[in-house]
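The values are calculated or read from the model by the stated rules, or taken from the named source; none is laboratory data. These numbers were taken from a predicted model, which means no experiment stands behind them. Here the Cβ is made from the backbone with ideal geometry for all residues, glycine too, and neighbour counts use every protein chain on show. Surface accessibility is based on the protein's heavy atoms, side chains included, excluding ligands, DNA and RNA. Shrake-Rupley method; radii C 1.70, N 1.55, O 1.52, S 1.80 Å.
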Amino acid sequence: MKSFSKKLRLTLLLLGFAAAGTVAWADTTYYLMWSTTNNITQFTSKGAQSGSTEWTWSVGNLSAGSNYYFCVSTSASYTGNITSNPSASDIVSTITSGKGIQEWNDGQVRKFYYFSLSSAQSGVKLSYNSTTGKYTIFVGSTYTVTPSITGGSISPSTAQNVTSGSSVSFTVTPTSGYSYSSATYSGSKSGDIIRSTNTFTLTPTSSGTLTIVYSLETTYTITANGTNCSFNEASKNIAAGGSFDFVVTPNEGYKLVSASCTNATCSPTSLGDATTATTITVSNPTAAGTLTVVTAPVSANRTPTVRIGAKPSISSSDCGLTTTAYFAQTGCKNIDKLTLYYSNNRAFRIDGGNKTESKEISVSAPAINTSQNISLTSAEVSEVVNPGEQIFLRFTAHNANGTSSYSDILPIKYECSKFVKQNLTKSFKACPGEHQFNWNEMFIYPAPATWSVTLGGTDAKSDFTLSNGIMIWKTDGKTATSYTYTFTAHADGYDDATATLTINYTKPSGSVTGSITGVTATPAATAENPTKPYTEVSLSAAGTTGNITLIDWTVSPATAEIYSKSGNTLPATAKFKAESRATKTTYTVTATGYTATCASVSKSATIVVAPDIKEECD
């Protein structure tokens, strides 16, 4: 009695496995022996197949619930069985079903496999691949795709079985000098043949031959030309429709300006004055041609030279100052900016009582020995000097190589009998409280010996207070939306001056959706420093803007100044400056946010400023 040993190795899974032990089959004919019983003497042939690496047999329609036993023989009889010891890893199935392995021993010589199905299947095929050592069970439609190649080699090179809905890929290694020409399939297919470089993929809907043709390339010689530079290739044969990257390196002291091609396309053509190796792609030649690169000497890395002109002019009507710059050298680059520095000291210092400001304008590539005027308004001049004081002027110019050295310095006495700076228009919310502006926003210092203000011809001086150069007025009880005040001032040595202040008021209403969460002063306390006549502190207000449309900064006591306000959105910044003082002073700075309807929120911070006036005598 023969004994049977059954081992269930793989059930109810769709899996792929590596072969447990590959059997090397000869390039000959093999028979699939088949049965629904596990008695190998009752196995019958399902037909003969020949091949070199893969053999495929059709086993027809199979039902569920039965075990199907098979082995491979060199003859139409089980006696030629060459099947190795079965292993679960030997079978790969496209069937979503149960399948297993059973081993039947007869003197440990003859072996076979079995599988079972959980549902009936039609058109079942079984194949063996001697390269992978796998048996594959196919169901449904299976198509055979046979590759054919001209002008190279292809992998895989044998016919491939492809189940319906699946795709198959072949990779071509072209013969040297050959390029892709065409790819066609003799059977039907779903969609196009997809080509990615030398890999071709298709989804067959019937069996057929995939014919791929690579043809001998048509090439054209492109020769590289250029002086004061070198190329990675002196010339190159480039296929029609192909490309090659020439790398050009300028000689020391030269730059790459441009590139051009004949009978081909070059990219890039503008080389941006490069002084290092640059890649130029030459593509799509239509005949033998050239790549020509233009070089130029590299100019010295020079900045411009600028001179200041003669005595500036001062306007008798508005005290504006105009001065002139002359361009002595461009530095071999286009000059794009001109900056005027003006100060109350020759060293152009900004410490202590020294004040220095600057004004920059754009210029459009002025030539050498040409000039450019820059004008300062009386308001700008008064930031550093008062009428009758000396102002110092100098220039710098800028090009792509950098900024020039300073020009020579021109000192001039700022003489102007006018001290009106400008008429003012202020927009404020008519909320209870006080508003203020610096006197020198409207008039040039010094502060007037006497002054008056009227509103519609009526004395309105009681609404204003001038203290230490700060003009303060109250907004309580305002009913109109706009008021225009006329100020008249008199200072000894100057013409009497008249200026107007127009204030536009908005009544408060509504609520604030934004918020000011805090005000920070940096530093919040200053050290004693007698050599520095004022202390500058950076202010910042944090929060969310919401419906806030105006950020206003105030300081108390009013002996300090807030300036350089950043704008009307949060976060907002400003600068605080306290003038000279003999005792320690605590200031309160407040940031207030107003809506368009005058509703407001605010936050404050304190700044402790140490004295900077100290007498030390032996």
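Looking at Thr136 and the list (1) touching a Leu at 6+ places or on another chain (Cβ under 9 Å); (2) open to solvent by 60 Å² or more (accessible area, probe 1.4 Å); (3) touching a residue at least 40 places away in the same chain (Cβ under 8 Å), which single condition is not satisfied?
For Thr136, the exception is condition (2).
Checking Ser119 against (1) under 21 Å from Val92 (Cβ atoms); (2) touching a strand residue (DSSP E or B) at 6+ places or on another chain (Cβ under 9 Å): exactly one of these is not met. Which one?
Going through (1) under 21 Å from Val92 (Cβ atoms); (2) touching a strand residue (DSSP E or B) at 6+ places or on another chain (Cβ under 9 Å) one by one, Ser119 breaks only (2).
Keeping to segment 278-332, report how many residues are free of Cβ contacts under 8 Å to residues at least 40 places away in the same chain, within 30 Å of Cys261 (Cβ to Cβ) and touching a strand residue (DSSP E or B) at 6+ places or on another chain (Cβ under 8 Å).
4
Assess whether Thr303 counts as being crowded, with 16+ Cβ neighbours inside 10 Å and either part of a loop (DSSP other than H, G, I, E, B) or hydroxyl-bearing (Ser, Thr, Tyr) (or both).
Numbers: crowded, with 16+ Cβ neighbours inside 10 Å: yes; either part of a loop (DSSP other than H, G, I, E, B) or hydroxyl-bearing (Ser, Thr, Tyr) (or both): yes.
Yes.
Among the numbered conditions (1) modelled with pLDDT of 90 or more; (2) surrounded by 15 or more Cβ atoms within 10 Å (Cβ to Cβ); (3) over 28 Å from Asn129 (Cα atoms), tell me where Asn198 comes up short.
(3)
Consider only pairs whose beta carbons are under 9 Å apart and that are at least six residues apart or on different chains; among these, list those whose first residue lies in segment 61-78 and is touching a residue at least 60 places away in the same chain (Cβ under 8 Å) and whose second residue is outside any loop (DSSP other than H, G, I, E, B) and among the aromatic types (Phe, Trp, Tyr).
Leu62/Tyr68
With Ser157, Ser118, Ser127, Ser181 as the choices, which residue is out of contact with any helix residue (DSSP H, G or I) (no Cβ under 9 Å at 6 or more places or on another chain), modelled with pLDDT of 85 or more and in a loop (DSSP other than H, G, I, E, B)?
Numbers: Ser118 fails: modelled with pLDDT of 85 or more; Ser127 fails: in a loop (DSSP other than H, G, I, E, B); Ser181 fails: in a loop (DSSP other than H, G, I, E, B).
Residue meeting the stated conditions: Ser157.
Can you pull out every residue in segment 359-381 that is in a strand (DSSP E or B), without any contact (Cβ under 8 Å) to a residue 60 or more places away in the chain and open to solvent by less than 70 Å² (accessible area, probe 1.4 Å)?
Filtering segment 359-381 down to residues in a strand (DSSP E or B) leaves 359-362, 371-376.
Now narrow it down to the ones that are without any contact (Cβ under 8 Å) to a residue 60 or more places away in the chain: 359-362, 372-376.
Residues satisfying the conditions are Lys359, Ile361, Gln372, Ile374, Ser375, Leu376.
Can you name the number of the only condition in (1) in contact (Cβ under 8 Å) with a residue 40 or more places away in the chain; (2) surrounded by fewer than 16 Cβ atoms within 10 Å (Cβ to Cβ); (3) part of a loop (DSSP other than H, G, I, E, B) that Gly187 fails?
The failed condition is (2).
Strands (runs of 3 or more DSSP E) wholly in segment 192-231 with at least 3 residues that are touching a strand residue (DSSP E or B) at 6+ places or on another chain (Cβ under 9 Å) and either farther than 16 Å from Ile154 by Cβ or free of Cβ contacts under 8 Å to residues at least 24 places away in the same chain (or both) - which ones? Please lay out each step first, then the result.
Values: elements: 199-204, 208-216, 219-226, 229-231.
Ranges flagged: 219-226, 229-231.
Being modelled with pLDDT under 90 and in contact with a Phe, Trp or Tyr (Cβ under 9 Å, 6 or more places away or on another chain) is the filter; apply it to segment 386-403 and report the residue that is least open to solvent (accessible area, probe 1.4 Å).
Selected residue: Pro387.
Just to verify a result, which residue in segment 442-460, among those that are in contact with a Lys or Arg (Cβ under 7 Å, 6 or more places away or on another chain) and at pLDDT below 75, is surrounded by the most Cβ atoms within 10 Å (Cβ to Cβ)?
Residues of segment 442-460 that are in contact with a Lys or Arg (Cβ under 7 Å, 6 or more places away or on another chain), as a first pass: 442-444, 452-453.
From what's left, at pLDDT below 75: 442-444.
On the way: Met442: 21, Phe443: 27, Ile444: 24.
The extreme case among them is Phe443.
Please verify whether Val420 is at pLDDT 90 or above and either open to solvent by less than 50 Å² (accessible area, probe 1.4 Å) or more than 13 Å from Leu321 (Cα to Cα) (or both), treating the condition exactly as stated.
Details: at pLDDT 90 or above: no; either open to solvent by less than 50 Å² (accessible area, probe 1.4 Å) or more than 13 Å from Leu321 (Cα to Cα) (or both): yes.
No: the conditions fail for Val420.
Looking at (1) surrounded by fewer than 13 Cβ atoms within 10 Å (Cβ to Cβ); (2) closer than 30 Å to Asn399 by Cβ; (3) out of contact with any Cys (no Cβ under 9 Å at 6 or more places or on another chain), find the lone condition where Ala287 falls short.
Going through (1) surrounded by fewer than 13 Cβ atoms within 10 Å (Cβ to Cβ); (2) closer than 30 Å to Asn399 by Cβ; (3) out of contact with any Cys (no Cβ under 9 Å at 6 or more places or on another chain) one by one, Ala287 breaks only (2).
Among the residues of segment 404-417, write down those that are assigned to a loop (DSSP other than H, G, I, E, B), open to solvent by 40 Å² or more (accessible area, probe 1.4 Å) and under 21 Å from Arg349 (Cβ atoms). Step through it out loud before you land on a result.
From segment 404-417, those assigned to a loop (DSSP other than H, G, I, E, B) are 404-409, 414-417; that's our starting set.
Pick out the ones that are also open to solvent by 40 Å² or more (accessible area, probe 1.4 Å) and you get 405-406, 408-409, 415, 417.
Ser405, Tyr406, Asp408, Ile409, listed by residue number.
Looking at segment 332-354 only, could you name the residues that are more than 14 Å from His398 (Cβ to Cβ) and surrounded by 17 or more Cβ atoms within 10 Å (Cβ to Cβ)?
Tyr342, Ser343, Asn344, Asn345, Phe348
Please note which strands (runs of 3 or more DSSP E) are completely contained in segment 503-618 and include at least 2 residues that are buried (at least 18 other Cβ atoms within 10 Å of the Cβ) and modelled with pLDDT of 90 or more.
Values: elements: 515-522, 535-544, 548-556, 560-563, 572-578, 585-595, 600-609.
Hits in segment 503-618: 515-522, 535-544, 572-578, 585-595, 600-609.
Given the criterion at pLDDT 95 or above and closer than 30 Å to Pro297 by Cβ, identify the matching residue among Thr223, Thr276. Lay out the reasoning, then the answer.
Numbers: Thr276 fails: at pLDDT 95 or above.
Among Thr223, Thr276, only Thr223 is at pLDDT 95 or above and closer than 30 Å to Pro297 by Cβ.
Looking at segment 312-331, can you tell me whether even one residue there is of a type in the set (Asp, Glu) and open to solvent by less than 70 Å² (accessible area, probe 1.4 Å)? Before the answer, list the steps.
Initial filter on segment 312-331 (of a type in the set (Asp, Glu)): 318.
The next check asks that each one be open to solvent by less than 70 Å² (accessible area, probe 1.4 Å); those that pass are none.
Checked against the condition, which is being of a type in the set (Asp, Glu) and open to solvent by less than 70 Å² (accessible area, probe 1.4 Å), segment 312-331 yields no hits at all.
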